[in-house]
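Here the structure comes first, spelled out in C-alpha cells, and everything after it is commentary.
The values are calculated or read from the model by the stated rules, or taken from the named source; none is laboratory data. This structure is a prediction, so every number in the text was calculated from the model and none was measured. So basically every Cβ, Gly included, is an ideal-geometry build from the backbone, and we count neighbours across all protein chains shown. Surface accessibility is based on the protein's heavy atoms, side chains included, excluding ligands, DNA and RNA. Shrake-Rupley method; radii C 1.70, N 1.55, O 1.52, S 1.80 Å.
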Amino acid sequence: MDGVAPPERLGEFRLSDGRVLGWSEWGPIDGTPILLCPGAATSRRLGFGTDLVHPLGVRLVSLDRPGLGVSTPSPERTLADFAADAGQFLEGRGLGAPAVLGNSQGAPFALACAIAGLASSLYLVSAADEVASSHFAGTLDGHLATVVNLCRRDPMAAHELFRSFDAEALRRMVVDNSGERDRAVYTDPVFDAAYRNALSEGFAQGPDGYATDTVLAMRPWDLDLARITCPVEVFYGEEDAAHSPDNGVTLASRIPGAVRHVLKGEGGSVLWTRSESLLGRVRA
C-alpha cells in the first residue's frame, strides 16, 4: 500500500524541563507543515500519504506522545499538558501554527492543540469521540459502557486494565473489530508491516504510555471546545462504528463552525483510503 513509507527524518526534541519528545517528518523541509496527532500507540512511525507529500509540497510532522516511542513518560499529564509540549516543539522547530490533524485516539490531543491556539486549521479524521461526555449518557452499551464507567469511576483501575495490552494485542483488537473495508486495509501486507513496526515502537517503553493516553481519551476531556477559533473539518466513514456513537454529529456541533463530512463506502481507515483528497484539502 502506498502512503506508509518510513519517516524521512527522525529526531528528538528536548523540552524546557529536560523531557524529550520523539518526532518524525516526511516531505520537503520548506513544505507546508501539517502536525499529525496519530492514533493509539502508533508512534511517530506511521504516516499517511507519504507518497504524495513531495508532489503536494507538504511537510508532514508526527510526534510520539509522552511514554510512547522515545518520548519521556509523563504519567500525570493531561490533554492540555500535551498541547503545551507541542507548543514548545512547534516553536523550537520553527513550524509556526501548522494545520493540525488528529486521527482516532489522537483527536482529543489535536483538539487540545487547537484550543491552545497552536493550529491554523484543524482536521479530525475518524476521530475518537468524547464517549464519557454527558451528551452520550445512557446511550452507550456493552463493553464500551463498562470501560467508560471504569475510566470515570476509577482511572487507576482502568489504567491497569489497559496495561494488559501489548503491540500485538492492540493490533489484533483493531483488526478483529473492523469491518470488511477496514480489515482489507489493515491486513494489506505493506500496511500491516508498517503498522506492526509503529506499534512495536509505541510500546517500546512498555504499556504505560498507551494506558495513560487511553484513560485520558475515555474520561471526560475537560476541554472547552467552544474556544476553538480556527477552521475545523471533521471526517468519518459512513460505516465507521468504532470511533463515535453518532459518527461525529455531536462532536462537530460542539465546535464553532465545524464542517462534518461523511464518506460513503468508507469505514474507520479513511486516513489511508482517502489520503490524497485529505492532504490536498489540508494543503489548499
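Could you grab me the full set of residues in the stretch 37-57 that are crowded, with 24+ Cβ neighbours inside 10 Å and farther than 18 Å from F191 by Cα?
C37
Only one of G3, G27 is crowded, with 23+ Cβ neighbours inside 10 Å and under 20 Å from F191 (Cβ atoms). Can you tell me which?
Unique residue meeting the criteria: G27.
Within the stretch 81-110, which residues are over 21 Å from S126 (Cα atoms) and either in contact (Cβ under 8 Å) with a residue 40 or more places away in the chain or touching a Cys at 6+ places or on another chain (Cβ under 9 Å) (or both)?
Matches in the stretch 81-110: D85, A86, G87, Q88, F89, L90, G92, R93, L95, G96, A97.
For G39, indicate whether it is closer than 24 Å to S269 by Cα and either polar (S, T, N, Q) or in contact with a strand residue (DSSP E or B) (Cβ under 8 Å, 6 or more places away or on another chain) (or both).
For G39, the condition - closer than 24 Å to S269 by Cα and either polar (S, T, N, Q) or in contact with a strand residue (DSSP E or B) (Cβ under 8 Å, 6 or more places away or on another chain) (or both) - is met.
Go through the stretch 257-274 and give me each residue that's in a strand (DSSP E or B) and either acidic (D, E) or open to solvent by 60 Å² or more (accessible area, probe 1.4 Å) (or both).
Answer for the stretch 257-274, where residues must be in a strand (DSSP E or B) and either acidic (D, E) or open to solvent by 60 Å² or more (accessible area, probe 1.4 Å) (or both): V259, R260, V262.
Here is a yes/no grid of residues against (1) closer than 30 Å to V175 by Cβ; (2) in contact with a Ser or Thr (Cβ under 9 Å, 6 or more places away or on another chain); (3) among the polar types (S, T, N, Q):
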residue	(1), (2), (3)
R14	no, no, no
W23	yes, yes, no
D30	no, no, no
G96	no, yes, no
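Name every residue in the stretch 133-154 that is within 20 Å of A112 (Cα to Cα) and open to solvent by less than 70 Å² (accessible area, probe 1.4 Å), in order of residue number.
Those that are within 20 Å of A112 (Cα to Cα) and open to solvent by less than 70 Å² (accessible area, probe 1.4 Å): S133, C151.
Being under 14 Å from the mean Cα position of the chain (by Cα), among the hydroxyl-bearing types (S, T, Y) and at pLDDT 95 or above is true for just one of S24, S16, S71, S62. Which residue is that?
Going through S24, S16, S71, S62 in turn, the sole match is S62.
What number of residues within the stretch 241-256 satisfy the criterion of being over 21 Å from D182 (Cβ atoms) and open to solvent by 70 Å² or more (accessible area, probe 1.4 Å)?
Residues that pass the stated criteria total 1.
Restricting the search to the stretch 57-80, which residues are touching a residue at least 60 places away in the same chain (Cβ under 8 Å) and β-branched (V, I, T)?
V58, V70, T78
Does the stretch 111-132 contain any residue that is more than 17 Å from the chain's Cα centre (by Cα) and open to solvent by less than 20 Å² (accessible area, probe 1.4 Å)?
Within the stretch 111-132, one or more residues are more than 17 Å from the chain's Cα centre (by Cα) and open to solvent by less than 20 Å² (accessible area, probe 1.4 Å).
Among residues belonging to the stretch 167-200 that are within 19 Å of A241 (Cβ to Cβ) and not in a helix (DSSP H, G or I), point out the one that is least open to solvent (accessible area, probe 1.4 Å).
Looking at the filtered set, the residue picked out is S178.
Which number in (1) open to solvent by less than 20 Å² (accessible area, probe 1.4 Å); (2) among the aliphatic types (A, V, I, L, M); (3) more than 18 Å from A107 (Cα to Cα) marks the one condition that L161 misses?
So the condition that L161 fails would be (1).
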